[in-house]
Structures are given as structure tokens and as C-alpha cells.
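Contents: one structure, followed by commentary.
The values are calculated or read from the model by the stated rules, or taken from the named source; none is laboratory data. Note that the structure is predicted; figures quoted are calculated from it, not measured. Glycine gets a Cβ as well: all are built from the backbone with ideal geometry, and neighbour counts include every protein chain shown.
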Amino acid sequence: MDPSPSSRLCIGLLSGTSVDAVEAVLCRVEGTGPQVRITLLAHISQPFSPEFTRRVLAADDARSLCELNFALGERFAEAALEVISRAGLRPEEVDVIGSHGQTVAHLPSSLSDTPSTLQLGEASVIAERTGIPVVSDFRTRDVAAGGQGAPLVPYLDWALFRKPGVARALQNFGGIGNVSVVSDRLEDTIAFDTGPGNMVLDGLARRVTQGRLQCDLDGSLSRQGRVIPDLLEELLTHPFLALPPPRSAGREGFGEALVTRIWERHGASRPYDVMATAVAFTVEATARAYERWLLPRFTLEAVYVSGGGTRNPVLMERLTERLAPLPVRPLDVLGLPEGAKEAVCFALLANEYLSGTPANVPSATGARRQVVLGKLTP
Ligand SMILES: Nc1ncnc2c1ncn2[C@@H]1O[C@H](COP(=O)(O)OP(=O)(O)OP(=O)(O)O)[C@@H](O)[C@H]1O
Ligand SMILES: CC(=O)N[C@H]1[C@@H]2OC[C@@H](O2)[C@@H](O)[C@@H]1O[C@H](C)C(=O)O
């Protein structure tokens, strides 16, 4: 492989903390580092069946994790082949796949004496099925260097969305919410997980509808309810929200245990009010994090929102009201579809691995130094 071609065709694969789908993109990446340029050629989302989602969420013993690693590898390989065909290309024309995998555990120093993180989706399976080299395990080197291993998206946010002389916030609402503030210099980037995104909403929606809906579809459940003030205040005492950045979260803090606690207290009697409160929890946690760590330091030009949460109009309306007069806009006004950003990040990170360019952002992850991220399965 030419170590420094002027451009590469790179695939990015990711299944996020919502465990709802594999996002796959195919991009042309030109150059590396601050001058890198990316053209999105194709984007697909391959949904998991509710049974497969349950299998991922339930896997907690060595045997099931062992099998899941290979089963996920097959899903990622299928998504890679599908996005290649959608772009009208052949596998031989693609240079590299960057596969994030599926996070099954994320234990930064706030949760464990042995900071660690684990993403599954066997790279050997992906390489074998596609014939394309795979870069995977992007988070571990940053953790080994003293960082949280997340968020990694600020590298992409800075590379693609910085604008001279202004500070921009890039907010994502997947299962978890995270924000990057990018300005002229990469070293000045601040990024951290804001807390809940859709994860609490998804768990409650499954309960409210007895499994008929996997999320607050188009805001249809939360729109029928009213916020329960006591419950909201209680949720806002979540210990993660008091942590200063660098900080990152996974399903550990905002997954099933929290959803069960909320549901047992209020769910059966006030299902829609509980949904409205969960929307308010995401909005309020986000806004308070901005007020505490971002607004005193930056005059933000606007907030550009990505991730599945942009498809929930109630969430977007409440966030816009709460952050006013700060403009809240969908990311696609900057030229990238809202659902594609995280997968594009891993296409970029694969390119940076092959270029030997360090791609963690120590001011975001807390790592002691910049390191090259990933491992190659040729
Ligand atoms: N039409 C919709 N209405 C409401 N919510 C939606 C809709 N479409 C998607 N979502 C929400 O978006 C979530 C998926 O978002 P996304 O794919 O960005 O998350 P993720 O990448 O899995 O998570 P993370 O970024 O935390 O790793 C779904 O679980 C759901 O809650
Ligand atoms: C450990 C892990 O998988 N973290 C995810 C998660 O989903 C959103 C948020 O929490 C973010 O920190 C991260 O993903 C993105 C892609 C990131 O690293 O920037």
C-alpha cells in the first residue's frame, strides 16, 4: 500500500450506544491532518432487529461476548459491502475500512480503578469477507495514554467544521450526548460527553409501548406528556453530570438500571409525563453543561446538532428554546448529513492511521499526549 497517496477511498463503520443500526459511509479522503478534505460518496444505515439489539444488550458472560464479537463482525462486513455497492464501486477499489465496532463496556477512571474500554466487531471477519484492510480499536491507545478514549469526534469536528475567528459547538445526540467546541487551534478544542442523549428515552419508550416502539418516534410519546418537576430535579443529581471534563459515558450510567428506576417510580401511572421528563433531562443536562463549561469561555457562533436526536422534533424544539438566543441548527447546513458524522469520523481516523497522523485530542480525552489511534488487520 502506498504510504502517502494524495487521496484514499475509506469506509467508516459504527454501531453506537443506541445499538439500533450499523452506520456505514464511503468517503474520499484527501491529505491528512489540518488540511484534510473529505467527500461523502455514500451513506447507509442497516438496522438491527429488536432481537439482535436485545442480544447485544444482554451479553455479559465470556461465551456470549466471544460469539457476539464474531456476529457483529459479520454485520459490519455486510454493511461495508452494501455501502460499496451503493457507491457503485467494487471492494478492490476501496483502500481501507475504519471500524469503530460496538462499545460493550466503557469504564473511564470515574467508574473503575482499571480504566478500560471494549469495542466488539471482529476486524478479521470484516477483512476476510471484504478483502479490504481494516483499522479498528481506535479508543484503546488513548486510554493507555491516560485518556478517556472518548470522545474522538472532536478531531473530525475541528478538521471539517472550524471557521476562522469564531467558536462553533458541534452537538451530537445519539444514545449519549456529546459536544465539541472548535475554534482556530486544535489545542483549544473542548469536548466532552454532555450526558444522556436518547438512551433513557429509548428504554422508556420500549416500556411505555410494550416493545412496539424502540424510541420516542418523532416525539409522539413525549409530546403527550408534561414534565414531572421532582423527577427532573432528581435525575439532574446524576453523579456523571457533576464531573468536570474530560468526561465520557456509556450505557453504564444511562442504560437499563436508570430506566428501571424511573419506570418503577412513575412509569405505569404517568407514562407520557415520564417521556416528557426524559426529554427535559437531556435538554437540561446539555444546557447546564454549556452554562458551566462552555459559555463562560467561548462566544459561540451557533450549535450544530447531529445524531438520531435531530429526528425527535420535541427534543429539538425544547433545546432551541432552552439555549436561545444561541442559534441551534442541524449539522447538514454545514454540508454533512446529521446521521453520517460519527461513521465519517472513523473513515477519517482510518486514513489518519495509515498516514501516521496522531488523531486523539488530548484537551478532549485527557490523554497525556497525542497518539496514533487504531490497529491494522491487513
Ligand atoms: N424518528 C425518530 N424519532 C425520535 N427519535 C429518533 C428517530 N430516529 C432516531 N431517533 C433516535 O436516535 C437514536 C439513534 O441515534 P444515533 O444513531 O445517532 O445513536 P448512536 O450512534 O447509536 O449513539 P452514540 O452516538 O451515543 O454512540 C435512536 O435510538 C432514537 O432514540
Ligand atoms: C465509549 C463510546 O463508545 N462512546 C461513544 C458514545 O456515543 C457518543 C459518546 O458516547 C461519545 O463519547 C462516543 O462516540 C463518539 C463517536 C466519539 O467518540 O466521539
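Here the stretch 203-234 is the region considered, the condition is being crowded, with 24+ Cβ neighbours inside 10 Å and not in a loop (DSSP other than H, G, I, E, B), and the residue that is farthest from ligand 2 (Cβ to nearest atom) is S222. All of D188, D184 fail the test of being free of Cβ contacts under 8 Å to residues at least 60 places away in the same chain, of a type outside the set (K, R), more than 9 Å from ligand 1 (Cβ to nearest atom) and farther than 30 Å from L231 by Cβ, apart from D184.
For the stretch 258-268, does any single residue satisfy the condition of being assigned to a loop (DSSP other than H, G, I, E, B), assigned by TED's automatic domain parsing to the domain that holds V314, hydroxyl-bearing (S, T, Y) and farther than 25 Å from T365 by Cα?
Let us first name the residues in the stretch 258-268 that are assigned to a loop (DSSP other than H, G, I, E, B), namely 268.
Next, from what is left, pick out any that are assigned by TED's automatic domain parsing to the domain that holds V314: 268.
Applying the additional criterion that residues be hydroxyl-bearing (S, T, Y) yields none.
No, there is no match, as no residue in the stretch 258-268 is assigned to a loop (DSSP other than H, G, I, E, B), assigned by TED's automatic domain parsing to the domain that holds V314, hydroxyl-bearing (S, T, Y) and farther than 25 Å from T365 by Cα.
Answer yes or no as to whether V125 is surrounded by 20 or more Cβ atoms within 10 Å (Cβ to Cβ), more than 16 Å from ligand 1 (Cβ to nearest atom) and within 20 Å of G335 (Cα to Cα). So V125 fails the test. The set of residues in the stretch 268-308 that are surrounded by fewer than 18 Cβ atoms within 10 Å (Cβ to Cβ) and over 25 Å from F192 (Cα atoms) comprises A268, S269, R270, Y272. Sort out for me the strands (runs of 3 or more DSSP E) sitting completely within the stretch 132-197 that have 3 or more residues that are within 12 Å of ligand 2 (Cβ to nearest atom) and not assigned by TED's automatic domain parsing to the domain that holds E23. It comes to 167-173, 176-182, 190-196.
Checking S110, S124 one by one, the residue that is in a loop (DSSP other than H, G, I, E, B), in the same structural domain as G31 (by TED's automatic domain parsing) and either touching a helix residue (DSSP H, G or I) at 6+ places or on another chain (Cβ under 7 Å) or not basic (K, R) (or both) is S110 and no other. For G121, state whether it is over 30 Å from A242 (Cβ atoms) and within 16 Å of ligand 2 (Cβ to nearest atom). In short, yes. So, C66, is that one within 19 Å of the chain's Cα centre (by Cα) and not aliphatic (A, V, I, L, M) or not? Spelling it out, it is not the case that C66 is within 19 Å of the chain's Cα centre (by Cα) and not aliphatic (A, V, I, L, M).
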